[in-house]
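Notes for the one structure printed next.
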Amino acid sequence: MSPVDLVYEQGVLSWPGGAARAACGKAGVSTTKREGDHASPAGSFPLLRAFYRPDRLAAPKTALPLAALKPTDGWCDDPVDPNYNRLVALPYPASHEDLWRDDGLYDLIVVIGYNTDPVVPGKGSAIFLHCASPDFASTEGCIAVSRDVLVPLLGLLGPGSTITIKP
């Protein structure tokens, strides 16, 4: 399977042979992304791995590394914590996002390799491609598409796949 490159630009996520409505951060797309600024980071990034809610959907087909979410999964967003921008087990003492959400937005998550190698404290964390809300409300900095788009899209992704987020 050849790597697939996704492109987000002005409310649309596109890939070879397809495109769909998408949401980005409340503050738009930024070339100077910082923790808590509600912006999506501009640039090209690898798609690293995916998580899914096993109580809500079957394991999707993908060549990306895939894991079932657990209620104890979180993602550290505290810039002073040594696990900043990493998966953590809950309860966790530092600031974090719960990945097991009631609203369905994280039923399927693809980890975008933004600020991951190396992790720079304060540069931004928890940047994912995930399920959009029904009204396509802006995100905290992620890119979001409908679950009906994301499930089959995952089948196109694998090692070497990227996302380019354009300002």
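Where a number appears in this text, it was derived from the coordinates with a stated rule and is not lab data. Keep in mind that this is a model prediction, so the values were computed, not measured. For neighbour counting, all protein chains shown are included, and Cβ atoms are generated from backbone atoms with ideal geometry for every residue, glycine included.
Points worth noting:
- Cα centroid separation - the stretch 31-60 against the stretch 132-162, whole Å: 8
- Where both bridge residues fall in the chain, DSSP classifies roughly 65% of the beta bridges as antiparallel.
- Candidate values (1) 13.0; (2) 8.8; (3) 12.1, label of the one derived for mean projected area of the Cα convex hull in nm²: (2)
- Chain lengthening between residue 27 and residue 87 when straightened (0.36 nm per residue, less Cα-Cα): 19.1 nm
- Fewest-first ordering of 47, 69 by other beta carbons within 10 Å of each residue's beta carbon gives 69, 47.
- Out-of-range pairs (alpha-carbon distance over 23 Å; input 33/70; 123/166; 26/166; 33/166): 33/70
- Of all beta bridges that DSSP places with both ends in the stretch 12-110, some 70 percent have antiparallel geometry.
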